[in-house]
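One structure is given here, and the rest of the page talks about it.
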Protein chains: 2
Amino acid sequence: MTVKQRLAVVDLGSNSFRLVVYTVAGDGWWQRTDEIYQPVRIGEGLAASGRLGEQPIRRALATLDVFSHFCKASGLLPGQVEAVATSAIRDAENSEQVLSAARELIGLPVRVLSREQEAYYGYLAAVNSTTLQRGAVLDLGGGSLQLVHVLDRLQQEVCSWPLGAVRMTERFLTEPDPGGPAQPQQLQALREHIAATLTQARWLQGMDGRIVGMGGTARNLAAAAQRLAGLPSSGVQGFVLSASALSELIERLAALPAKERAKLQGIKPARADLILAGAIVIEGVLAAGGFDGLEVTEAGLREGVFFERHLGTGDPPHPPMYEDVRRAGVLNLARRYGMDAPHSRHVAELALGMFDELAVQGLHAGDPVERELLWAACMLHDIGMSVDYDDHHKHSRYLILNGGLPGFSPTELAIVAQAARYHRKGMPEPGFLSPLLGKDDLAMLDRCAALLRLAEDLERSRDQLVRQANLAAKNGSVRLMLVADGETAVPRWAAGREGELFQRAFGRRLDIAA
Amino acid sequence: MTVKQRLAVVDLGSNSFRLVVYTVAGDGWWQRTDEIYQPVRIGEGLAASGRLGEQPIRRALATLDVFSHFCKASGLLPGQVEAVATSAIRDAENSEQVLSAARELIGLPVRVLSREQEAYYGYLAAVNSTTLQRGAVLDLGGGSLQLVHVLDRLQQEVCSWPLGAVRMTERFLTEPDPGGPAQPQQLQALREHIAATLTQARWLQGMDGRIVGMGGTARNLAAAAQRLAGLPSSGVQGFVLSASALSELIERLAALPAKERAKLQGIKPARADLILAGAIVIEGVLAAGGFDGLEVTEAGLREGVFFERHLGTGDPPHPPMYEDVRRAGVLNLARRYGMDAPHSRHVAELALGMFDELAVQGLHAGDPVERELLWAACMLHDIGMSVDYDDHHKHSRYLILNGGLPGFSPTELAIVAQAARYHRKGMPEPGFLSPLLGKDDLAMLDRCAALLRLAEDLERSRDQLVRQANLAAKNGSVRLMLVADGETAVPRWAAGREGELFQRAFGRRLDIAA
């Protein structure tokens, strides 16, 4: 049994309060293990009065009371709980009323984040959950919008404006009829306000690079766009919400009365009245920066706070970062299911060795991204055994698709998942992932599945008997020669079944040397 | 880390050879962890000559060689490997050729099971994977058919005839055109032969009770019937293949040329030419015993051998048996995912307590089966957290449906799975399990989900703070009163959200006492 440690992050946002518990095992893997969510809307009315309202304060204190009891009851010590507050509490004149109650009555000292700190934690979440190198991070909450300029994965300029979804809704979309469809002049006024505000960020204007987005608005819009496009989905991590899909969503949302906007699948009821203003803010940022779309991450401020605790505070100017997000995510997932590490690693080693040999001999292009997907499929091919041995290849696919792997696009994830799905038998097919897989993707899937399967055959006895597998192309076929620490009857028998797939993947016959 | 032990069972059947590895953890849970399958057809030609053919022997020895290497390479010691052979090898004049080669060349001593032993292991697999009390166990292999009469879960008379699918195909369905559709006179001759043979089992004639079936023929037919009926499926465990569905399958199969019978989804290509004869044997048994259908189990001879090793040899006349198969299966699944046992057990205790109180007060019928399904849903509701915290209710459903839980019908499993699916939020819906859930099932699902959710709310802090939950019905509402070792703000807050579901499930308003 590995020792497990817990950390709770309490996030007092302008729209919702959340308590999230992270559990870290001794061998480095971590996962979220509990969460309480309450749509408190502490920021309600703030835009007009500059103060937290009586009702919102009452809801906030009741929720904090619940959180505090939860922490005590589940044995989380004060040092294991980190509570932070953002825009609404930061900006209101009378927030001390909430903060002192949290501190004194409930024993939950709250750190009010400055705009820069709030932006920093969002940035930290983004660079540790995507492969963003150069571009921007957008964090849109109920109270504020944060934009961070990123170069070489490092934070540059930081902007924060009170352009949050609750504030923009209250200021622009509630008159004259707060419940009806939006009026064109309302939308125009909102758009103009956003465009004018964003000119303050000179670095943003027509920049190149990508933009990563977080927050409930971004997640809900991405989920709605996935559904409209008929895409299979196990979450929105890594999904790119294109500027054109966003325009279409805005049109649909604007035509509906505010309360009915959750009829659009993917939009949560608690967010129905806020989603339109939030969508228009994002649209404005994409337009200002000339971005084609917003790459969504499910991580957010809370994960930023967690990463700082989990990875250490870093060494300025280098914040705490996974060196390789995709690699770290794959290893985290493999460890979480206690997978036979020497076996998986050896399958990966054999498969990558064959991949490289075939590339050198011109049988495929040797694309480094393909090589990485093959590695991921090898490391994860057996995780489904934790469900059941029967059909474990299908269970592996399920766990890969649902594991929230960071840094991969939905198409890349589909290739990894489907290669694992076909690691035992059958000719790879796109199946329900078909909308994500084009012709080139399917060819890549064939190659990944063929090499994973060959490597798995060579590791059939799970004891690293076969040290090396050499492939030599000649006379229209490819010859497989094994270097092993013993008798190779089992691996040769097993590999002997892969001729058909190998032929389809590489266009050559596979011969197995005695 | 719990200590794990392994056992390999090698099963030399008349149609296929199989090596299955079982892993048992120190805390008692077990699962299959590896399997090699080869369709050797050692019984090919045996019906005509009484001898194993040259080709089949060659295929058998090559496969045994592979198995032997696999065992050595994966570190399975001789004491951890149990090899058994059945009908074909038992009956052939020249099987010593295979047995001595296995023993001497390959170091794999094979125990040739007598008819009685073969039937016994099938029986053992059936009573440990179903709730069969009274009736019969059918085990149809390539060479022989075993029928065991069961009373009070104990084995009574045993019958074994050479009516296996390979033999019946060769004897009745290969002339004049082995590849074409079956001729009516062929089918009639086969049916008459079976009916005549079965008269030898007097106990079978028009008996009451259930019949449980195992073997590849039964599994394939069940899978085909599920698909024809448009039922959602995660395996055939517990599925009842009705006599009428079997008739329809036989009609469809007989109309197809032998090689095309795998076009029927659910029938495996390696079994295409054998499935028709096998189906007619099963049809004959159902007719002779007056059974409405065959309840299929995925366990078989191999599991029987495993259970004997895992559970001990028993105490005659009581063979090694789980006292309660359903309970053992649920606990096995819960342990496999390392679920927080005190929490799950406490949720179950609270939920069953409320179930009993509401029954006493006449708010539902207090059906003991419903009580058991509620218990199972409580024990398993969180297993999906091993996949990911996000959507863990959905992952729990997936793991429950795919976990191969023994002893439950597909409808019962759907209720357990769907109650777990709705243990956090939302109003229960049948979803893709709709074809399995009638009106009464949905009402049961509502009650199970409502009580599981209330109990989970009361255990929100996972520390057994709430010792007892009392429910008192009066004046059209039900009042919830908590007995707790401390402050109950969190549980009362959480339970406060369940009013709508409680109302739908029990037709009463839920009040929560301060």
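Quick look at the values:
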| read-out | value |
| --- | --- |
| Sole residue being of a type in the set (D, E, K, R), open to solvent by less than 10 Å² (accessible area, probe 1.4 Å), out of contact with any strand residue (DSSP E or B) (no Cβ under 8 Å at 6 or more places or on another chain) and in contact (Cβ under 8 Å) with a residue 12 or more places away in the chain, chosen from B:446, B:441, B:457 | B:457 |
| Among residues of the range A:19-33, those that are within 13 Å of chain B (Cβ to nearest Cβ) and in contact with a Phe, Trp or Tyr (Cβ under 7 Å, 6 or more places away or on another chain), counted | 7 |
| Matching residues in the range A:45-61 - criterion: being open to solvent by 60 Å² or more (accessible area, probe 1.4 Å) and assigned to a helix (DSSP H, G or I) | A:48, A:49, A:54, A:55, A:58, A:59 |
| Matching residues, the range B:313-355, being open to solvent by less than 60 Å² (accessible area, probe 1.4 Å), under 22 Å from residue B:445 (Cβ atoms), assigned to a helix (DSSP H, G or I) and not β-branched (Val, Ile, Thr) | B:326, B:329, B:333, B:334, B:344, B:348, B:350, B:351, B:352, B:353, B:354, B:355 |
| Residue match in the range B:107-117 (condition: open to solvent by 50 Å² or more (accessible area, probe 1.4 Å), more than 19 Å from residue B:314 (Cα to Cα), touching a residue at least 40 places away in the same chain (Cβ under 8 Å) and touching a strand residue (DSSP E or B) at 6+ places or on another chain (Cβ under 7 Å)) | yes |
| Pair list, Cβ < 6 Å and 6+ apart or interchain, from the range A:59-84 residues that are more than 9 Å from chain B (Cβ to nearest Cβ) to residues that are open to solvent by 50 Å² or more (accessible area, probe 1.4 Å) | A:80/A:6; A:84/A:111 |
| Where a residue in the range A:477-492 is within 10 Å of chain B (Cβ to nearest Cβ) and its partner, wherever it lies, is of a type in the set (Ser, Thr, Tyr), with Cβ under 7 Å and at least six apart | A:490/A:461 |
| Long-range neighbours under 6 Å by Cβ, at least six apart or interchain, first residue at positive phi within the range B:273-291, second outside any helix (DSSP H, G or I) | B:290/B:206 |
| Hits in the range A:62-80 - residues which are open to solvent by less than 30 Å² (accessible area, probe 1.4 Å) and of a type in the set (A, V, I, L, M, F, W, C) | A:64, A:66, A:67, A:70, A:71, A:73, A:76 |
| Residues (modelled with pLDDT of 85 or more, open to solvent by 20 Å² or more (accessible area, probe 1.4 Å) and on the phi < 0 side of the Ramachandran plot) located in the range B:470-487 | B:470, B:472, B:473, B:474, B:479, B:481, B:482, B:483, B:484, B:485 |
| Selection status of residue A:377, within 15 Å of the chain's Cα centre (by Cα), part of a helix (DSSP H, G or I) and either over 18 Å from residue A:436 (Cα atoms) or hydrophobic (A, V, I, L, M, F, W, C) (or both) | no |
| Members of the range B:410-438 found to be of a type in the set (A, V, I, L, M) and either closer than 13 Å to residue B:398 by Cβ or surrounded by 15 or more Cβ atoms within 10 Å (Cβ to Cβ) (or both), listed by number | B:413, B:414, B:415, B:416, B:417, B:419, B:420, B:433, B:436, B:437 |
| Failed criterion for residue A:244 (all others in (1) open to solvent by 60 Å² or more (accessible area, probe 1.4 Å); (2) more than 27 Å from residue A:406 (Cβ to Cβ) hold) | (2) |
| Flag for residue A:369 being modelled with pLDDT under 95 and among the β-branched types (Val, Ile, Thr) | no |
| Those residues of the range A:378-394 which are touching a helix residue (DSSP H, G or I) at 6+ places or on another chain (Cβ under 6 Å) and farther than 20 Å from residue B:37 by Cα, in sequence order | A:378, A:379, A:380, A:383, A:387 |
| Qualifying helices (runs of 4 or more DSSP H) (wholly inside the range A:81-183; at least 3 residues being over 26 Å from residue A:61 (Cβ atoms)) | A:115-127, A:165-172 |
| Helices (runs of 4 or more DSSP H) enclosed by the range B:383-466 - at least 2 residues per element that are more than 12 Å from every other protein chain (Cβ to nearest Cβ) | B:410-421, B:439-458 |
| Given (1) out of contact with any helix residue (DSSP H, G or I) (no Cβ under 8 Å at 6 or more places or on another chain); (2) at pLDDT below 95; (3) among the hydroxyl-bearing types (Ser, Thr, Tyr), number of the condition residue A:197 does not satisfy | (2) |
| Flag for residue B:179 being surrounded by 15 or more Cβ atoms within 10 Å (Cβ to Cβ) and either in contact with a Ser or Thr (Cβ under 8 Å, 6 or more places away or on another chain) or closer than 19 Å to residue B:260 by Cβ (or both) | no |
| Scan of the range A:481-514 for residues that are in a strand (DSSP E or B) and touching an Asp or Glu at 6+ places or on another chain (Cβ under 7 Å), ordered by number | A:510 |
| Subset of the range A:3-41 [of a type outside the set (Gly, Ala, Ser), in a loop (DSSP other than H, G, I, E, B) and open to solvent by 30 Å² or more (accessible area, probe 1.4 Å)] | A:3, A:27, A:39, A:41 |
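Conditions tested, residue by residue: (1) part of a loop (DSSP other than H, G, I, E, B); (2) among the polar types (S, T, N, Q); (3) surrounded by fewer than 24 Cβ atoms within 10 Å (Cβ to Cβ).
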| residue | (1), (2), (3) |
| --- | --- |
| B:234 | yes, yes, yes |
| B:237 | yes, yes, no |
| B:250 | no, no, yes |
| B:259 | no, no, yes |
| B:270 | no, no, yes |
| B:273 | yes, no, yes |
| B:282 | no, no, no |
| B:303 | no, no, no |
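The values are calculated or read from the model by the stated rules, or taken from the named source; none is laboratory data. Remember, predicted model here, so these are calculated numbers, not experimental data. Glycine also receives a Cβ, built like all others from the backbone with ideal geometry; neighbour counts cover every protein chain displayed. Just so you know, the surface numbers come from the protein's heavy atoms only, side chains and all, with ligands and any DNA or RNA stripped out. Shrake-Rupley method; radii C 1.70, N 1.55, O 1.52, S 1.80 Å.
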